[in-house]
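Accompanying notes for the structure given below.
The values are calculated or read from the model by the stated rules, or taken from the named source; none is laboratory data. Quantities reported herein were computed from a predicted structural model and do not represent experimental measurements. Methodologically, a virtual Cβ is constructed for each residue, glycine included, from the backbone with ideal geometry; neighbour enumeration extends over all protein chains shown. Heavy atoms of the whole protein, side chains included, go into the accessibility calculation; ligands, DNA and RNA do not. Shrake-Rupley method; radii C 1.70, N 1.55, O 1.52, S 1.80 Å.
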Amino acid sequence: MSGATARAGANVALVKYWGKRDEERNLPAVGSISITLSDLLATARVGMGKEGPRFRSHGVPVSGVAADRMAHYLDWIAGRLGAGAERLCVDVEAGFPVGAGLASSAAIYCATAAASAAAVGASIDRAELSRLARVGSGSAARSVFGGWVEWHRGTREDGEDSGAEQLLPVADWPVALVVAVVHDGPKEVPSRDAMRHVSRTSPLYDGWIEAQEEDLESMRSAIAARDFGAVGRLAEENCLRMHATTFAARPPVFFWLPVTLAVMQAVRQLRADGCEAYFTIDAGPQVKVLCSPERVDRVAGALAGIPGVVRVLRSGLGSGVEILDGSVPWK
Ligand code: 2P0
């Protein structure tokens, strides 16, 4: 059986993707800007076979909605890559909690897209790969690239202008991220469902869309200027605005736990004490804290001491998806 293996890192958005303009093609209602991580990695091995489960995790068959979603995607990408007759299957391994608000779907779908392209011998570049990964999970479009990344909203109906590009490679500005894991289980509401519900029912959603372009512009400038304080402040504001849309939904969606707020307060206290660090939170209760590599130990130590913090993860910035083995014209 021929096949290929790819590895991708999760990414964390500093200006968030929240809402879609097309659910089938995963076209976002807004652009977003993220950093790709080096230490929260997922590996996907894609093979071809007439029988057997389409989706395994660490060798164990996955069932239910997640399996149906992956099978649908594998059929779609095989068709797009001109290998429609092939029945693709995938085995993924994530080195961090899945479905817990740690962007596992970004890493998994990005690695699956890259391994699929390599397995069928498709000759595509990273920009094309980003658009293919996007259809699996929107945020996967960003994990194709390393360092600092922007995913463009695009305006075309076919989505051909909605992919990611690199703003800065890792070496140009290597920041660090500390994750306070405050809840170990799967999250209550998948982000896909929450996004749909919020965009349909929250009276604050229109304001979110309206403010996004300015945040994107300010974030691009802050990154270009390597202005850490501006990046951090914008990231916190954008995150809080996204969560405000969820609180205002009918019925409301709460991703936070009490300890989520305790971590946010600890980050503000660190700043008051002269340790520059900024938080962001995605569709779950975990808090991700941006700081410089020199401050990781101090930040991690402070977060680990907060009652209710289960674990602290540390990561640098990664260099984007890579093929580990397979016969690959993929570049
Ligand atoms: C982000 N999130 O920009 C935002 C912030 C969650 C909060 O991207 O439906 O799993 O697969 O496109 O990519 C999570 O959404 O959603 C996400 P789908 P995805 O990181």
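The table for this structure:
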item: Among residues of the stretch 32-77, those that are modelled with pLDDT under 90 and among the basic types (K, R), counted; result: 1
item: Selection count where residues are part of a helix (DSSP H, G or I), surrounded by 14 or more Cβ atoms within 10 Å (Cβ to Cβ), modelled with pLDDT of 95 or more and within 16 Å of the ligand (Cβ to nearest atom), scope the stretch 180-207; result: 7
item: Options R250, R220, R233, R226: the member that is under 22 Å from V179 (Cβ atoms), basic (K, R) and out of contact with any Gly (no Cβ under 6 Å at 6 or more places or on another chain); result: R233
item: Extreme residue, nearest to E23 (Cα to Cα), among residues of the stretch 168-179 that are away from the ligand (no atom under 16 Å from the Cβ) and open to solvent by less than 20 Å² (accessible area, probe 1.4 Å); result: L168
item: G79 being more than 15 Å from the ligand (Cβ to nearest atom) and farther than 25 Å from G147 by Cβ; result: yes
item: Filter pass, A83 being touching a residue at least 24 places away in the same chain (Cβ under 8 Å) and buried (at least 24 other Cβ atoms within 10 Å of the Cβ); result: no
item: Subset of the stretch 212-227 that is open to solvent by 30 Å² or more (accessible area, probe 1.4 Å) and not charged (D, E, K, R) - its residue that is farthest from W151 (Cα to Cα); result: A225
item: Residue in the stretch 232-245 that is under 27 Å from Y205 (Cβ atoms) and more than 16 Å from the ligand (Cβ to nearest atom) present; result: yes
item: Extreme residue, farthest from the ligand (Cβ to nearest atom), among residues of the stretch 104-118 that are in contact with a Lys or Arg (Cβ under 9 Å, 6 or more places away or on another chain) and open to solvent by 10 Å² or more (accessible area, probe 1.4 Å); result: Y109
item: The stretch 13-39, residues that are within 16 Å of the ligand (Cβ to nearest atom) and open to solvent by 10 Å² or more (accessible area, probe 1.4 Å); result: Y17, K20, R21, D22, E23, E24, R25, A29
item: Number of the exception - A66 against (1) within 16 Å of the ligand (Cβ to nearest atom); (2) open to solvent by 10 Å² or more (accessible area, probe 1.4 Å); (3) touching a His at 6+ places or on another chain (Cβ under 9 Å); result: (3)
item: Residue check for F228: without any contact (Cβ under 8 Å) to a residue 60 or more places away in the chain and aromatic (F, W, Y); result: no
item: So A10, is it within 13 Å of the ligand (Cβ to nearest atom) and more than 25 Å from A249 (Cβ to Cβ); result: yes
item: Qualifying positions in the stretch 131-152 - touching a residue at least 60 places away in the same chain (Cβ under 8 Å) and away from the ligand (no atom under 12 Å from the Cβ); result: V144, F145, G146, G147, W148, H152
item: Residues being over 17 Å from the mean Cα position of the chain (by Cα) and not in a helix (DSSP H, G or I) - total across the stretch 156-174; result: 10
